[in-house]
Amino acid sequence: MSSSLLLQQVLNGLAIGSVYAIFALGYTLIFSILRIINFTHGAIFTLGAYATYALTGARFGFNGLLANAALPLHLPFVLALIGGALFAAVSGVIVERLAFRPLRTRGSDPLLTLVSSLGVAVALVNVIQYLFGAEAYSYPADPFGQLPSAMNFGTSTEPVLVRTVQVIIFGVSMVVLALLTVLMNATRTGKALRAVAEDTVTASLLGINTDRLILLTFVISGFLGGVSGTLIGLSVGIAGPYFGIAFGLKGLAVIVLGGLGDIPGAVVGGLLIGLAESFVPAQYIAYREAVPFALLFVVLLLRPQGLLGRAVVQKV
Amino acid sequence: MSAGATPAPLLALDDLSIHYGRVQALEHVSLDVRAGEVVTLIGANGAGKSTTLRSISRIVPIHRGRIAFDGRDISGVRPSDAVRMGIAQVPEGRRMLARQSVLDNLLLGAYTRSDSAGIQADVERQFVRFPRLAERRRQLAGTLSGGEQQMLAIARALMSRPRLLLLDEPSLGLAPLIVRGIFDIIRELHAAGVTILLVEQNASLALQIADRAYVLEAGRLTISGHAAELLTDERVRRAYLG
């Protein structure tokens, strides 16, 4: 493999991996606080992608209830992306209220909440299909105006071409990641969130309204899911209502690989899986979807707690 | 106790009953704490002492009876509102936020406040009271020794400027010398006018420091009175003072 090809694969891997990372952080934040995998995350990812599509003013297909409908506005793509993510964040709030809080206030088994979130995920996907049909969608061409379709990261004699979309995806993911890092580590709210994650009872004893912070976690998680849905849609198109389900499973591989509930772990896991996928040779491309799980298998054999996860210590 | 002229208590539990599933944890418990007092609740392991404090902090549901703080019924408020109203708890086992620094633990103790200048001044005040914490302000709380963690737990609770401080087993698992230091601090807080409800297994230490005491046995209050009297009470001596 030539060094320019290598660099190209690395850049592509980082771009896709950075989306895996912010998507997986949506799982991680909720898991770190509630110790529950939120199975609606994949559906919220899909919702975000569809919402962005609608906000650009693009028309829906002819199959669903909203056949041929289009919003009477044409937001620039960046605003549509933010709007789609906000829509996903609001969806996160509704999911928390409907599927999580009622069970939590009754002190139900976490397993029930898991099933409840799975049920909501299935319902959401079906609502999407009912409304918009099962067809694939793709965002309007050149969403960022007159940018060239690829950028050269090499020299003119030895070009390293990377699709502009990948560069944008990487940039957006990094901005989101930076904002989240600042929020979690340098603000009062972030420290309170970490306190709730570490020990909910102690957090309440310090006067932290844990219900409100759990809701905030769902807002952030939904936002991250929505942004990643749009970014993946931008890269490969929206493959239909089930678009988020396969991606959701990959996200699970990312968080288990990095260490459940660990924020840096989700980032490392996401980048690693993105890189591993991009190094699958073209003739074996059909096996690419298996790579994250193969990697997960190997890592778990060696480190059952994940790459950065803490080994479970029994409290005395 | 003089009748009639006593002011309304700061804290009053009235006929409080709590159960966990089918296990009765507290039955018909009524007690009160007046402003400026140190009141201790002693009893064997599992008698319901911690449950009493957890109910006052509103982290366990109440099945019967009511809790009044400063004349207001707080039986239905959230834990965070209880802190906001002036009730802080130093929980059993100290419950550090082990992955945050000493300083961040203190700042989170002031989560209900928004006067940043006052918070800053109070942080410095805690560092004067507990010089060991000042030396370790950047360290993760999980790396502190047991005694230091207990100091941090007390300092953190004080950061909310409580009107009532609930202390749950502050001597638990600490060396005698450290325990003496912790009780000196409780005495200082008492002298400074802080109202304290102290739960302790070490009954003799608790009775020496307290104004009044209640004895809890299997979820029911059995004996109450001035701490000095309980120290010489034959039943208390036999059961708790050895």
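Within the set of pairs 6 or more residues apart or between chains, which connect a residue that is over 22 Å from B:Arg163 (Cα atoms) inside segment B:94-115 to a residue that is assigned to a loop (DSSP other than H, G, I, E, B) with Cβ atoms less than 6 Å apart?
Correct list of pairs: B:Ser101/B:Arg138; B:Val102/B:Arg136; B:Val102/B:Arg137; B:Val102/B:Gln139; B:Leu103/B:Arg137.
In contact with a Lys or Arg (Cβ under 6 Å, 6 or more places away or on another chain) and closer than 26 Å to B:Ala228 by Cα - does that describe any residue in segment B:46-61? Steps first, answer last, please.
Kept after step one, since they are in contact with a Lys or Arg (Cβ under 6 Å, 6 or more places away or on another chain), are these residues of segment B:46-61: B:60.
So of that shortlist, the ones also closer than 26 Å to B:Ala228 by Cα come out as none.
Within segment B:46-61 (the criterion being in contact with a Lys or Arg (Cβ under 6 Å, 6 or more places away or on another chain) and closer than 26 Å to B:Ala228 by Cα), the answer is no, since none of the residues qualifies.
Considering only segment A:31-51, how many residues are open to solvent by less than 20 Å² (accessible area, probe 1.4 Å), assigned to a helix (DSSP H, G or I) and modelled with pLDDT of 95 or more?
10
For segment A:7-29, indicate whether the set of residues that are over 22 Å from A:Ala266 (Cβ atoms), aliphatic (A, V, I, L, M), open to solvent by 10 Å² or more (accessible area, probe 1.4 Å) and modelled with pLDDT under 95 is non-empty. Break it down into steps so the answer makes sense when it comes.
Step one: list which residues in segment A:7-29 are over 22 Å from A:Ala266 (Cβ atoms), which gives A:7-9.
Okay, now just the ones that are also aliphatic (A, V, I, L, M), so A:7.
Filter once more, keeping what is open to solvent by 10 Å² or more (accessible area, probe 1.4 Å): A:7.
Among the residues that remain, those that are also modelled with pLDDT under 95 are: A:7.
Checked against the condition, which is being over 22 Å from A:Ala266 (Cβ atoms), aliphatic (A, V, I, L, M), open to solvent by 10 Å² or more (accessible area, probe 1.4 Å) and modelled with pLDDT under 95, segment A:7-29 yields at least one hit.
Could you list, in sequence order, all residues of segment B:50-62 that are open to solvent by less than 10 Å² (accessible area, probe 1.4 Å) and at the interface with chain A (Cβ under 8 Å from one of its Cβ atoms)?
Matches in segment B:50-62: B:Ser57 only.
Please determine, by comparing only the residues of segment A:158-201 that are outside any helix (DSSP H, G or I) and open to solvent by 10 Å² or more (accessible area, probe 1.4 Å), which one is nearest to the other protein chains (Cβ to nearest Cβ). Step through it out loud before you land on a result.
At the first step, the residues of segment A:158-201 found to be outside any helix (DSSP H, G or I) are A:158-163, A:187, A:199.
With the extra rule that they be open to solvent by 10 Å² or more (accessible area, probe 1.4 Å), the set shrinks to A:158-159, A:161, A:163, A:187, A:199.
Working: A:Glu158: 47, A:Pro159: 46, A:Leu161: 43, A:Arg163: 40, A:Thr187: 11, A:Asp199: 6 Å.
Across segment A:158-201, the extreme among qualifying residues is A:Asp199.
If you check every pair at least six apart or on different chains, which have Cβ atoms under 6 Å apart with a residue in segment B:40-65 that is within 16 Å of A:Leu205 (Cβ to Cβ) first and a residue that is open to solvent by 10 Å² or more (accessible area, probe 1.4 Å) and of a type in the set (Lys, Arg) second?
B:Val60/B:Arg54
Identify the single condition in (1) at positive phi; (2) surrounded by fewer than 18 Cβ atoms within 10 Å (Cβ to Cβ); (3) within 14 Å of chain A (Cβ to nearest Cβ) that B:Asp115 does not satisfy, given that it satisfies every other one.
Failed condition: (1).
Please specify each residue of segment A:226-244 satisfying the condition of being open to solvent by less than 20 Å² (accessible area, probe 1.4 Å) and more than 25 Å from A:Arg163 (Cα to Cα).
A:Pro241
Applying the selection to segment A:268-277, what residues are among the β-branched types (Val, Ile, Thr) and open to solvent by less than 30 Å² (accessible area, probe 1.4 Å)?
Step one: list which residues in segment A:268-277 are among the β-branched types (Val, Ile, Thr), which gives A:268, A:273.
Across segment A:268-277, the qualifying residue is only A:Ile273.
Look at segment B:68-84 and say how many of its residues are outside any loop (DSSP other than H, G, I, E, B) and facing chain A (nearest Cβ under 10 Å). First the steps, then the outcome.
Filtering segment B:68-84 for residues outside any loop (DSSP other than H, G, I, E, B) gives B:68-69, B:72-73, B:79-84.
Then keep just the ones that are facing chain A (nearest Cβ under 10 Å); that gives B:79-84.
Number satisfying all stated conditions: 6.
Among the candidates A:Phe247, A:Phe218, A:Phe293, A:Phe223, which residue alone is touching an Asp or Glu at 6+ places or on another chain (Cβ under 7 Å) and either open to solvent by less than 50 Å² (accessible area, probe 1.4 Å) or closer than 23 Å to A:Ile44 by Cα (or both)? If you could, list the steps in order and put the result at the bottom.
Details: A:Phe247 fails: touching an Asp or Glu at 6+ places or on another chain (Cβ under 7 Å); A:Phe293 fails: touching an Asp or Glu at 6+ places or on another chain (Cβ under 7 Å); A:Phe223 fails: touching an Asp or Glu at 6+ places or on another chain (Cβ under 7 Å).
Criteria check complete, one pass: A:Phe218.
Okay, residues lined up against (1) hydrophobic (A, V, I, L, M, F, W, C); (2) over 16 Å from the mean Cα position of the chain (by Cα); (3) under 30 Å from B:Gly147 (Cα atoms):
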{"site": "B:Leu16", "(1), (2), (3)": "yes, yes, no"}
{"site": "B:His19", "(1), (2), (3)": "no, yes, no"}
{"site": "B:Lys49", "(1), (2), (3)": "no, no, yes"}
{"site": "B:Ile62", "(1), (2), (3)": "yes, yes, no"}
{"site": "B:Gly86", "(1), (2), (3)": "no, no, yes"}
{"site": "B:Asn105", "(1), (2), (3)": "no, yes, yes"}
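Being open to solvent by 10 Å² or more (accessible area, probe 1.4 Å), free of Cβ contacts under 8 Å to residues at least 60 places away in the same chain, out of contact with any strand residue (DSSP E or B) (no Cβ under 6 Å at 6 or more places or on another chain) and not in a helix (DSSP H, G or I), is that true of even one residue in segment B:147-170?
No, segment B:147-170 contains no residue that is open to solvent by 10 Å² or more (accessible area, probe 1.4 Å), free of Cβ contacts under 8 Å to residues at least 60 places away in the same chain, out of contact with any strand residue (DSSP E or B) (no Cβ under 6 Å at 6 or more places or on another chain) and not in a helix (DSSP H, G or I).
So which helices (runs of 4 or more DSSP H) are wholly in segment A:202-316 and hold at least 1 residues that are under 25 Å from A:Tyr50 (Cα atoms)? Walk me through how you get there before you give the answer.
Values: elements: A:210-236, A:243-258, A:263-278, A:291-302.
Answer list for segment A:202-316: A:210-236, A:243-258, A:263-278.
Quick check on B:Thr51: is it part of a strand (DSSP E or B) and of a type in the set (Val, Ile, Thr)?
Numbers: part of a strand (DSSP E or B): no; of a type in the set (Val, Ile, Thr): yes.
The answer is no for B:Thr51.
Name the single residue that is modelled with the lowest pLDDT among those in segment A:259-274 being under 12 Å from A:Ala21 (Cα atoms) and of a type in the set (A, V, I, L, M).
Start the filter on segment A:259-274 by keeping residues that are under 12 Å from A:Ala21 (Cα atoms), which leaves A:262-274.
Filter once more, so that each one left must be of a type in the set (A, V, I, L, M): A:263, A:266-268, A:271-273.
Working: A:Ile263: 88, A:Ala266: 93, A:Val267: 94, A:Val268: 94, A:Leu271: 95, A:Leu272: 94, A:Ile273: 94.
By that ranking, first place goes to A:Ile263.
From the set of residues in segment A:278-290 that are open to solvent by 80 Å² or more (accessible area, probe 1.4 Å) and aromatic (Phe, Trp, Tyr), which is nearest to the chain's Cα centre (by Cα)?
Our first condition is that a residue be open to solvent by 80 Å² or more (accessible area, probe 1.4 Å); within segment A:278-290, this holds for A:282-289.
Next cut, aromatic (Phe, Trp, Tyr) only: A:284, A:287.
Details: A:Tyr284: 26, A:Tyr287: 22 Å.
Taking the candidates together, the pick is A:Tyr287.
How about segment B:88-100: which of its residues are farther than 15 Å from A:Val196 by Cα, facing chain A (nearest Cβ under 10 Å) and either open to solvent by 30 Å² or more (accessible area, probe 1.4 Å) or over 14 Å from the mean Cα position of the chain (by Cα) (or both)?
Looking only at segment B:88-100, we keep the residues that are farther than 15 Å from A:Val196 by Cα, and these are B:88-94.
So of that shortlist, the ones also facing chain A (nearest Cβ under 10 Å) come out as B:88-91, B:93-94.
Within segment B:88-100, B:Gly93, B:Arg94 meet the criteria.
Restricting to segment A:202-224, name every residue that is among the β-branched types (Val, Ile, Thr) and facing chain B (nearest Cβ under 9 Å).
Residues of segment A:202-224 among the β-branched types (Val, Ile, Thr): A:202, A:208, A:210, A:214, A:217, A:219-220.
Passing the criteria: A:Thr202, A:Ile208, A:Thr210.
Starting from segment A:180-206, keep only residues that are more than 15 Å from B:Asn105 (Cβ to Cβ), then list their pairs with residues that are charged (D, E, K, R) whose Cβ atoms are within a distance under 7 Å, requiring at least 6 positions of separation or different chains.
A:Met184/A:Arg194
I need every pair where a residue in segment A:248-265 that is free of Cβ contacts under 8 Å to residues at least 40 places away in the same chain has its Cβ under 6 Å from the Cβ of a residue that is open to solvent by 10 Å² or more (accessible area, probe 1.4 Å), sequence separation at least 6 or different chains.
If the second residue must be open to solvent by 10 Å² or more (accessible area, probe 1.4 Å), no pairs are left.
Kindly evaluate B:Arg125 against the criterion of being within 18 Å of B:Ala88 (Cα to Cα), more than 14 Å from chain A (Cβ to nearest Cβ) and not in a loop (DSSP other than H, G, I, E, B). Before you say what the answer is, go through the steps one by one.
Details: within 18 Å of B:Ala88 (Cα to Cα): yes; more than 14 Å from chain A (Cβ to nearest Cβ): yes; not in a loop (DSSP other than H, G, I, E, B): yes.
Taking the combined requirement at face value, the residue satisfies it.
With B:Gly36, B:Gly65 as the choices, which residue is more than 12 Å from every other protein chain (Cβ to nearest Cβ) and surrounded by fewer than 17 Cβ atoms within 10 Å (Cβ to Cβ)? Can you show your working first?
Numbers: B:Gly65 fails: surrounded by fewer than 17 Cβ atoms within 10 Å (Cβ to Cβ).
Matching residue, one of B:Gly36, B:Gly65: B:Gly36.
The values are calculated or read from the model by the stated rules, or taken from the named source; none is laboratory data. Here the structure is a predicted model, which is why all the values come from computation and not from measurement. Counting neighbours? That spans all protein chains shown, and the Cβs are built from the backbone with ideal geometry, glycine included. Accessible surface areas use protein heavy atoms only, side chains included; no ligands, DNA or RNA. Shrake-Rupley method; radii C 1.70, N 1.55, O 1.52, S 1.80 Å.
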